[in-house]
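The values are calculated or read from the model by the stated rules, or taken from the named source; none is laboratory data. For clarity, every value in this text was computed on a predicted model and none was experimentally measured. Here the Cβ positions follow ideal geometry from the backbone for every residue, glycine too, while neighbour counts run over all protein chains shown. For the accessible areas, the whole protein counts, side chains as well, though only heavy atoms, and no ligand, DNA or RNA atoms are used. Shrake-Rupley method; radii C 1.70, N 1.55, O 1.52, S 1.80 Å.
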Amino acid sequence: MLSYEEIYRCGYNLVIHKWGERLYNGVKELIEQYLESEAESKVVPVLGVADTSPAEGVQVLKVMQKLWKHHVTCLLMMSDILVHMDRNYVVANRLPKTYDMGLFLFRDSVIRSPKYPIQSHLQMVLLNQITMERKGDVIDRGAVKSCTEMLLEMKENNGNDPIYIADFENLFIETSREFYRVESDDLVRRFDPPEYMRKVENRLDEEQLRCSHYLTEKTEPKIRLIVEQEMIAKHLRTVMEMENWGLKQLLINSRLGDLDRMYRLFSRVPDGARELQGGLSDYIRECGKSINANIQASTIDTVEKGIPLGVALALRWVQEVLDLKERFDAFLAQAFAKDKSFETAINSAFESFINLNPKAPEFMSLFIDNKLKKDFKGKSDDEIDTILNKTTTLFRFLSDKDIFERYYKQHLSSRLLHGKSLSDEVERGMISKLKIECGYQFTSKLEGMFTDMRLSTDTMGAFREFLENAVDTPPTELNVTVLTSTFWPVPSTPVACNLPTQFLAASKVFERFYTSRHNGRKLTWHATMGNVDLRATFNSRKHELNVSTMAAIVLLIFNDIPDGETIPYTTIEQETGLPADQLKRTLQSVACGKFKILIKEPKSRDIDDTDVFKFNSAFSEKLSRIKIQTIASKVETSSELKETHEKVEDARKHMAEAAIVRVMKNRKTLDHNNLITEVIGQLQGRFNPAPSMIKKRIEALIDREYLERAPGDRAIYNYLA
Amino acid sequence: NPDALGADFLRLVNSPVGADVRLIIGEEKVMMHGHALILQTRSTYFARALTTDWKEANQGNIIHKPNIRPAIFLQILSFLYTGRLELDETTVMDLIRAADELLLDDLLFGCERFALT
């Protein structure tokens, strides 16, 4: 056994007597010679084994490992002895310390031996072991691990980078790239996308575990990048667009797990998320296209009773869009981790196809109309709220919100005036949702309509009190709803009609009452918007009929002629003074509907100018009170549609001019481009204005001297107060 | 009171109480007592010498130090145990040499500063 004190003292004495250099070089030479002879006698003989059998190659690792362990032990003891040299001679001469010098010697005399092909064999064995494991063999991980640890322990001359990088990792990465290039080409051909993605995921997990088990964490991002590039990035489109179980089929079959996997894998590579979003958008647009194509009348088979075909189409369109949206909400939450960029992509795809349907604003309003009139009956508050919220999300996608507002006003007005709304509370709930989306301005008129309804109830109470003390009571009962003309979608001139004298008399009484209370207000009667309760005597019994005012005007004509006599259409037209289209619809409702109060000759569904009518005295029905439906809210005809669009265009011109003036009043002077940008910003919540349209409005305002072009620069405008 | 710690530890210097290291010092081979725990903690030299790789540890913790005089070594021990040492001109050169050999940088610098003033 050696004495530490004696050997240490020897080393110490040599150094303090200036023999440091000889000591250092002597030690170095000795280690070098020893390592060379060990390499030759112990490592070289097993190298051949690795050449003949990849599996047996692990022997090279084991021999290497033994030699390395022994070397490190010896180096530690030598360092202990030569501390004094390391601290004095070595530091003064800027040499590697004994331990590091020993590691360099192992690197250069064994691993990178110029005499023997140890390096190439070591690399081959390590890579073979890993390839074997990738192919499913069980390998001696411990042997590989101790070798990679050895390579990590030795450094390059800079003392920093482990030789692991140059002697192993670079090669590992390159061979892995080749391995995964070949494997992914093969797998993508043999398996469908869900299976392929599972295999990719497994490979990613395996490589991660490999790094943590027997390579190093530092290799992990590099090998991960290789697998991602070779297995994911290069096959994005192939996997997504595959006929059999590509993205489209995963979506159709709601394969959440596979979609989630696709999302997670694709998101790992640059462009992956974008490609997937593109695929989703394409699919949504494709679905949207077929939903939009479905609004052709011919595509509907069964129409629910009492719903006109046009309305049924509208309801189905909205429901189909809602269903699609619901599916994608589920995908977003359960497969795409509520990723914001996916949400944006999905929303913009919806937005684009929804706005491709020019009737979208009308359809959405009709949908809500139908819910508020019928569908919400017997539903809980929560259910109602859910449906309204979903509808509001669709509303958010509309670019023509002003057109929607127009329809909504029309439908709301009809609900309120005909008492068809199921619940005031739900109506107000819907309006408050719209208010949140579009602000106070958007809903103030709608809210005004509710106020009118409430005030009218009060007014009627007061009217009844007034009648108790009045001298001339009206010949019929009268119920009046007073509407503020700017809130309601009423025509500026009422529909023409000749009111029967008793109706006229009643309205005069009310007028007197109202103007006495509200001096200076002007009442315009829209008689045709109301309805009337009539008592009618038939052969069998009396019935109470609730009909539109227009129908009442028509029916009352038959009071004046003997029973059984007919009146031709033209006479009715003259006597009532109603416009032809309104009159025809009214006659349809009393002569061609479920309850035939009049008999039309010849019998048919449509009204012709040559038809004649007579009172159906043989009419018989179980119920004593009969409500005769007027034709309900319906999808507009093309001429109405054109009219609506003209009105919308007018309104838009006003809004644009108002916005321009608001901006210019504030800025006083502004250049053309900035003005356009600011105006678009102000209007976007209502509709998407075209810059050319704004330009025209600017010119119109210049003509009317609200603005002027700045002298010397035509692209700048000044505000003229 | 940090002074009390030094004073107490001074009583352990070359004391047989709890000693587990024998130090044979100088050409005259004077035997001194040492405590492995303290020596290993205070000095890397002793820490290495007392690992099982070497004869010293394997043959009953006996350390020979023939090239240091007993009087000087006793001062070294005092320094190791207490962290303090009274220096005087007669011994400072010998202490410097010993501190250098035993890699006691603290002591070495202290002695050098004393020698220069």
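Is the range A:121-143 home to any residue that is surrounded by 18 or more Cβ atoms within 10 Å (Cβ to Cβ) and closer than 25 Å to residue A:27 by Cβ?
no
For residue B:111, only one of the following conditions fails: (1) more than 12 Å from chain A (Cβ to nearest Cβ); (2) within 26 Å of residue A:75 (Cβ to Cβ); (3) open to solvent by less than 30 Å² (accessible area, probe 1.4 Å). What is its number?
Among (1) more than 12 Å from chain A (Cβ to nearest Cβ); (2) within 26 Å of residue A:75 (Cβ to Cβ); (3) open to solvent by less than 30 Å² (accessible area, probe 1.4 Å), the lone unmet condition for residue B:111 is (2).
Please verify whether the range A:438-445 includes one or more residues that are touching a residue at least 60 places away in the same chain (Cβ under 8 Å), of a type outside the set (A, V, I, L, M, F, W, C) and at positive phi.
yes
With the structure loaded, tell me whether residue A:670 is part of a strand (DSSP E or B), out of contact with any Gly (no Cβ under 6 Å at 6 or more places or on another chain), more than 22 Å from residue A:442 (Cα to Cα) and open to solvent by less than 70 Å² (accessible area, probe 1.4 Å) or whether it fails that test.
The answer is yes for residue A:670.
Quick one: in the range A:4-24, of everything that is within 9 Å of chain B (Cβ to nearest Cβ) and of a type in the set (Asp, Glu), which residue is least open to solvent (accessible area, probe 1.4 Å)?
A:5
Before we move on, is residue A:463 hydrophobic (A, V, I, L, M, F, W, C) and buried (at least 17 other Cβ atoms within 10 Å of the Cβ)?
Spelling it out, residue A:463 is indeed hydrophobic (A, V, I, L, M, F, W, C) and buried (at least 17 other Cβ atoms within 10 Å of the Cβ).
Could you check the range A:41-54 and list, in sequence order, the residues that are open to solvent by 50 Å² or more (accessible area, probe 1.4 Å) and assigned to a helix (DSSP H, G or I)?
A:41, A:42, A:45, A:51, A:52
Just checking, does the range A:180-190 include any residue being touching a Leu at 6+ places or on another chain (Cβ under 9 Å) and either surrounded by 16 or more Cβ atoms within 10 Å (Cβ to Cβ) or without any contact (Cβ under 8 Å) to a residue 12 or more places away in the chain (or both)?
no
Take residue A:158 and decide whether it is outside any helix (DSSP H, G or I), open to solvent by 10 Å² or more (accessible area, probe 1.4 Å) and more than 30 Å from residue A:254 (Cα to Cα).
Yes.
What number of residues within the range A:56-83 are away from chain B (no Cβ under 14 Å) and open to solvent by 50 Å² or more (accessible area, probe 1.4 Å)?
Final tally of qualifying residues: 5.
Select from the range B:35-55 the residues that are in a helix (DSSP H, G or I), open to solvent by 10 Å² or more (accessible area, probe 1.4 Å) and facing another protein chain (nearest Cβ under 9 Å) and list them in ascending order.
Across the range B:35-55, the qualifying residues are B:44, B:48, B:55.
Of all the helices (runs of 4 or more DSSP H) wholly in the range A:173-250, which have at least 3 residues that are farther than 16 Å from residue A:279 by Cβ and out of contact with any strand residue (DSSP E or B) (no Cβ under 7 Å at 6 or more places or on another chain)?
A:193-214, A:220-227
Find the residue count for the range A:205-238, including only residues that are of a type in the set (A, V, I, L, M, F, W, C), within 18 Å of residue A:131 (Cβ to Cβ) and touching a helix residue (DSSP H, G or I) at 6+ places or on another chain (Cβ under 9 Å).
Of the residues in that region, 6 qualify.
Could you figure out which of (1) out of contact with any Gly (no Cβ under 7 Å at 6 or more places or on another chain); (2) touching a residue at least 24 places away in the same chain (Cβ under 8 Å); (3) within 14 Å of another protein chain (Cβ to nearest Cβ) isn't true of residue A:91?
Evaluating residue A:91 over (1) out of contact with any Gly (no Cβ under 7 Å at 6 or more places or on another chain); (2) touching a residue at least 24 places away in the same chain (Cβ under 8 Å); (3) within 14 Å of another protein chain (Cβ to nearest Cβ) leaves (2) as the failure.
Do we find a residue being within 13 Å of chain A (Cβ to nearest Cβ) and either assigned to a helix (DSSP H, G or I) or in contact with a Cys (Cβ under 9 Å, 6 or more places away or on another chain) (or both) anywhere in the range B:15-25?
No - not one qualifying residue is present in the range B:15-25.
Report, by residue number, each residue of the range B:57-108 that is surrounded by fewer than 17 Cβ atoms within 10 Å (Cβ to Cβ), in a loop (DSSP other than H, G, I, E, B) and within 14 Å of chain A (Cβ to nearest Cβ).
If the condition is that a residue be surrounded by fewer than 17 Cβ atoms within 10 Å (Cβ to Cβ), in a loop (DSSP other than H, G, I, E, B) and within 14 Å of chain A (Cβ to nearest Cβ), then B:59, B:60, B:66, B:67 are the ones that fit.
Taking residue A:547 and the conditions (1) part of a loop (DSSP other than H, G, I, E, B); (2) under 19 Å from residue A:475 (Cα atoms), which numbered condition does it fall short on, given that it satisfies the others?
That leaves (1) as the condition not met.
Condition check: over 60 Å from the mean Cα position of the chain (by Cα), polar (S, T, N, Q), within 14 Å of chain B (Cβ to nearest Cβ) and closer than 30 Å to residue A:122 by Cα. Does residue A:52 satisfy that?
For residue A:52, the condition - over 60 Å from the mean Cα position of the chain (by Cα), polar (S, T, N, Q), within 14 Å of chain B (Cβ to nearest Cβ) and closer than 30 Å to residue A:122 by Cα - is not met.
What residue, of A:402, A:382, is free of Cβ contacts under 8 Å to residues at least 40 places away in the same chain, farther than 18 Å from residue A:485 by Cβ and assigned to a helix (DSSP H, G or I)?
The conditions single out A:382.
Can you name the residue in the range A:484-501 that is surrounded by fewer than 12 Cβ atoms within 10 Å (Cβ to Cβ) and modelled with pLDDT under 85 and, of all such residues, is farthest from residue A:405 (Cα to Cα)?
A:493
One residue is enough: does the range A:102-109 have a residue meeting the conditions more than 26 Å from residue A:175 (Cα to Cα) and within 14 Å of another protein chain (Cβ to nearest Cβ)?
No, the range A:102-109 has no match at all.
Among the residues in the range A:232-241, are any open to solvent by 60 Å² or more (accessible area, probe 1.4 Å), free of Cβ contacts under 8 Å to residues at least 24 places away in the same chain and on the phi < 0 side of the Ramachandran plot?
Within the range A:232-241, not a single residue is open to solvent by 60 Å² or more (accessible area, probe 1.4 Å), free of Cβ contacts under 8 Å to residues at least 24 places away in the same chain and on the phi < 0 side of the Ramachandran plot.
Kindly list the number of the only condition in (1) assigned to a helix (DSSP H, G or I); (2) under 30 Å from the mean Cα position of the chain (by Cα) that fails for residue A:699.
(2)
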